[in-house]
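Right, one structure below, let's go through it.
The values are calculated or read from the model by the stated rules, or taken from the named source; none is laboratory data. Source: prediction; values computed, not measured. Positions of Cβ are backbone-derived with ideal geometry, glycine not excepted, and every protein chain shown enters the neighbour counts. To get the accessible areas, we keep the full protein, side chains included, count just its heavy atoms, and leave off ligands, DNA and RNA. Shrake-Rupley method; radii C 1.70, N 1.55, O 1.52, S 1.80 Å.
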Protein chains: 2
Amino acid sequence: MDKKSIADPKGRSRPRVKIEDVAREANVSPATVSRVLNHPGIVRPELRDKVMRFITDLSYTPDSAARALKSGRMRTIGAIVPTLGLGIFAESVEALQNRLSESGYTLFIANSQYDQRRELQEMQSLIERGIDGIVLVGGSHGRELRTLVEQTGVPVITTYVSKAGGGIPAIGIDNERATREMTEFLLGLGHVRFGAIANILPSNDRSRARLDGIQRALSEAGIRLEPSQVIRADHSLAQGRKALRQLLTDHPGTTAVICTTDTLAIGAMTEARKMGLNVPRAVSITGFDDVELAAQVDPPLTTISIPAAEIGRGAADYLISAIAGRPVPKSVLLPYRLVVRSSTASPPKADRLPKRPR
Amino acid sequence: MDKKSIADPKGRSRPRVKIEDVAREANVSPATVSRVLNHPGIVRPELRDKVMRFITDLSYTPDSAARALKSGRMRTIGAIVPTLGLGIFAESVEALQNRLSESGYTLFIANSQYDQRRELQEMQSLIERGIDGIVLVGGSHGRELRTLVEQTGVPVITTYVSKAGGGIPAIGIDNERATREMTEFLLGLGHVRFGAIANILPSNDRSRARLDGIQRALSEAGIRLEPSQVIRADHSLAQGRKALRQLLTDHPGTTAVICTTDTLAIGAMTEARKMGLNVPRAVSITGFDDVELAAQVDPPLTTISIPAAEIGRGAADYLISAIAGRPVPKSVLLPYRLVVRSSTASPPKADRLPKRPR
DNA sequence: CGCGCTTCTGAAATCGTTTTCAGGATTATT
DNA sequence: AATAATCCTGAAAACGATTTCAGAAGCGCG
């Protein structure tokens with residue numbers, strides 16, 4: 001087994017070119033070649049250029065294992081997302097990846113399937129592989145994960161939320177405030193009979209915060225949301241449909257349905273149409289995330305837009321700084337945007353609340 | 001900079017536990033510890049158990065960089081997908097990941113944004129990092145990538161297609177045959193006026209094969225598809241909408257629209273509704289992929305279902321075998337399934353073709 | 001009871017870099 | 001022109017595991 005070797009066009013294999021090959025050809029020591037690569041500043045320009053030429057000529061690429069072993073840096077950061085489905089995190093991850101590769105880092109992506117146990121596993125696997133930093137989604141992660149982070153000291157950042165537990169820094173939006181604003185918008189339209197569809201899982205604090213926002217805004221307006229008016233679901237379209245059916249069966253008078261996710265909202269809209277209900281004339285439905293589909297669906301969905309790309313970039317910058325030992329912010333709060341489309345309108349009945357000033 | 005160290009609860013850092021620590025505690029040599037980990041069979045059971053106990057007690061995890069350096073194996077495989085958006089590849093990737101982790105491998109995911117240049121870049125980055133195997137999507141990859149594969153000898157497999165160029169093995173379905181069957185199904189329903197919406201990019205041979213299938217089936221039935229009857233698009237919903245509008249403006253008599261992607265089809269359906277056209281009574285629309293959304297949309301979409309999870313698992317098995325030097329199949333052809341839902345029906349006019357036997 | 005064979009274990013070399021340490025060359029200072 | 005200071009460069013020692021090679025212990029057999 002000739003481990004490190006590459007096959008030439010004829011199929012025979014020749015040994016991989018290593019740093020001392022370059023050194024020999026260029027008539028310098030391996031140390032100098034290494035310096036050219038890692039600290040170009042400290043080597044005499046002419047010599048540096050000469051070595052550089054040999055490097056490219058021989059198409060030398062440093063062995064990352066050896067490099068990682070000696071330097072303790074893997075030049076790799078990992079992201080653990082709850083799901084790859086529906087492309088919810090795609091935009092962030094792509095931005096993250098772009099920013100990282102600009103700085104010579106590579107991104108590992110793993111997914112936890114909304115399961116804290118798997119998240120912990122993936123985390124351990126990444127750490128064992130000597131990852132330099134980790135980006136997580138959401139702020140609730142189980143005690144074990146937090147102690148793992150503390151013990152190993154790996155830089156970690158949590159995304160999509162504005163604050164996370166256990167001293168882990170975060171970059172994202174204020175989820176509760178966003179749904180509060182959404183709810184107030186609906187109240188302003190005159191709605192009084194609300195329902196909520198939320199995907200509540202222990203690992204999903206984003207939805208929890210969003211639900212809190214709804215409830216707070218409602219109770220401030222003197223409206224109480226009965227437990228049977230909030231339906232729990234997972235993150236699938238099918239569950240959104242089922243949830244809407246149940247909600248409107250139990251509470252036929254409902255005029256506004258707030259979902260904590262676009263996926264749920266789109267499912268709900270489909271079901272509403274199937275039930276013969278016009279959206280938004282009979283029911284208003286809102287989502288959260290502003291995925292691509294949200295604008296394309298019929299009617300276009302009123303939702304909360306999240307600065308996904310900015311979150312990705314921000315997470316990258318944070319980690320790069322943290323790894324370099326530069327000072328980093330505790331957490332970053334980004335603005336969201338309420339985008340009003342056509343899935344919301346004033347309620348049909350005239351028993352509206354008078355418009356109230358915000 | 002105390003490179004390999006972990007901070008204890010108080011914040012001080014202590015050195016990482018290494019193989020010789022375990023060896024010392026267990027009163028054996030490092031070599032034995034290594035053997036317990038890598039070739040458990042050749043060490044005396046009692047001793048093995050004893051060493052094992054110390055390993056877990058000290059919670060020792062081998063340094064992957066050192067291990068990779070010495071053994072030449074990274075225990076990591078990479079997947080390069082065109083996009084993370086819309087979750088098209090999510091199911092495959094998740095299956096791939098699950099299967100790999102069963103075998104002690106970790107999965108790197110990268111995305112190329114449907115761009116051959118980026119795909120090549122990512123590939124190089126993976127290879128530099130000493131990846132053990134690579135999963136690609138689709139069969140068209142540019143000459144440079146193919147020579148890179150040949151030169152380095154890294155095991156590579158291509159997915160979602162049944163055959164790839166340049167001797168790269170493949171696992172997937174026969175895309176052309178699938179759309180041919182779809183087209184024949186539509187012909188059987190009596191349609192004669194067709195349109196096609198395809199996302200054609202040089203890097204997307206799947207859509208090309210699918211389009212070929214449509215054209216072949218049609219020409220066998222004596223129907224010619226004018227260039228203006230096939231609309232090019234990228235992979236977004238918005239493009240699907242635009243394409244449908246253009247198609248029906250240029251060819252108002254069209255009764256069947258075949259899309260090479262569910263995304264495009266769903267966009268097309270949305271637009272059709274907006275134009276006041278009933279699907280399927282006025283136009284039949286079909287997709288390809290059978291994403292989750294396809295069944296949930298209104299009307300549910302007639303499409304081709306792909307065995308995504310099986311593709312992922314198969315790719316994992318292939319790579320694991322190839323890395324171990326075991327014999328591997330040239331390529332694997334998996335079955336697709338035509339799933340008929342409610343977005344298709346016989347054309348409105350009576351000028352149908354007589355039903356023909358397949 | 002002693003010899004040869006098998007089975008395990010340990011010492012030491014090695015994988016390809018990075019980096020410390022010290023020394024040689026070059027320039028600045030008086 | 002001599003000495004000090006500054007810059008670069010090379011030799012060699014790690015980094016933490018794996019694996020070869022050879023030797024020690026255990027076994028069966030005559």
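What to note about this one:
- In chain A, helices alone account for a calculated mean residue ellipticity at 222 nm of -13500 deg cm²/dmol, with every DSSP H run of four or more residues adding -39,500 (n - 2.57).
- Between residue B:224 and residue A:234, the FRET efficiency estimated from the beta carbon spacing at R0 = 56 angstrom works out to 0.70.
- When chain B is treated as a GNM with alpha-carbon contacts under 10 Å, the residue of B:158, B:260, B:76 showing the greatest mean-square fluctuation is B:76.
- Diagonalising the gyration tensor over the Cα atoms of chain A and scaling each eigenvalue by 5 before taking the square root yields semi-axes of 53, 20, 18 Å, largest first.
- Judged by the mean number of other Cβ atoms found within 10 Å, the most tightly packed of the peptides B:281-287, A:297-303, B:200-206, B:147-153 leads the ranking B:281-287, A:297-303, B:200-206, B:147-153.
- Shape of region B:175-306, Cα gyration tensor, a/c cut at 1.5: rounded
- Considering the rotation that superimposes chain B on chain A, the residue of B whose beta-carbon lies nearest the axis, and that distance in Å, is B:109, 2.
- Most fluctuating residue given options A:55, A:80, A:258, as computed from a GNM of chain A linking Cα atoms under 10 Å: A:55
- List of region B:148-163 residues, accessible area with partners at least 50 Å² below that of the chain alone (1.4 Å probe): B:151
- Peptide A:94-106 shows a mean partner chain C-beta count of 2 within 10 Å per residue C-beta.
- Neighbourhood charge, 12 Å Cβ-Cβ cut-off, centred on residue B:294 and excluding it, Lys, Arg +1 and Asp, Glu -1: -4
- GNM top mover of B:164, B:68, B:79 - chain B, alpha-carbon springs below 10 Å: B:68
- Within region A:157-184, backbone nitrogen closer than 17 Å to the virtual label 7 Å beyond the Cα of residue A:216 toward Cβ: A:161-165, A:172-184
- Antiparallel DSSP beta bridges within chain A, percent to nearest 5: 15
- Furthest towards positive pole of dipole, A:172, A:237, A:84, structure part chain A, Cβ charges: A:172
- In Å², nearest 10: area of residue A:185 left accessible to a 1.4 Å probe: 50
- Shielding by partners, peptide B:135-141 (average Cβ within 10 angstrom, other chains): 0
- For residue B:57 and residue B:251, a Förster radius of 60 Å and the Cβ-Cβ distance give a FRET efficiency of 0.20, rounded to the nearest 0.05.
- Neighbouring Cβ atoms from other chains, within 10 Å of the Cβ of residues in B:57-70, number 5 on average.
- Working from the Cα coordinates of the protein assembly as shown, the gyration tensor eigenvalues give, after taking √(5λ), semi-axes of 48, 36, 22 Å in decreasing order.
- Estimated dipole of region B:32-127 in Debye, rounded to 20 [Cβ of Lys and Arg +1, of Asp and Glu -1, Cα centre]: 540
- Cα gyration tensor of region A:134-229 - equivalent ellipsoid semi-axes, whole Å, descending: 33, 13, 9
- Only Lys, Arg (+1) and Asp, Glu (-1) charged, at Cβ; chain A dipole about Cα centre in debye: 120
- Take every pair of alpha-carbon atoms less than 8 Å apart whose residues are at least six positions apart; their mean separation over the length of chain A yields a relative contact order of 16 percent.
- When the square roots of the Cα gyration tensor eigenvalues are ordered a ≥ b ≥ c, the ratio a/c for region B:22-178 is 1.5 or more and a/b exceeds b/c, which makes its shape prolate.
- Taking the C-alpha atoms only, the angle from helix A:116-128 to the longest principal axis of chain A is near 10 degrees.
- Antiparallel content of DSSP bridges confined to the protein assembly as shown, in %, to 5: 15
- Simple point charges give the picture: +1 on the Cβ of Lys and Arg, -1 on the Cβ of Asp and Glu, and for region A:175-306 a dipole about the Cα centre of about 380 debye.
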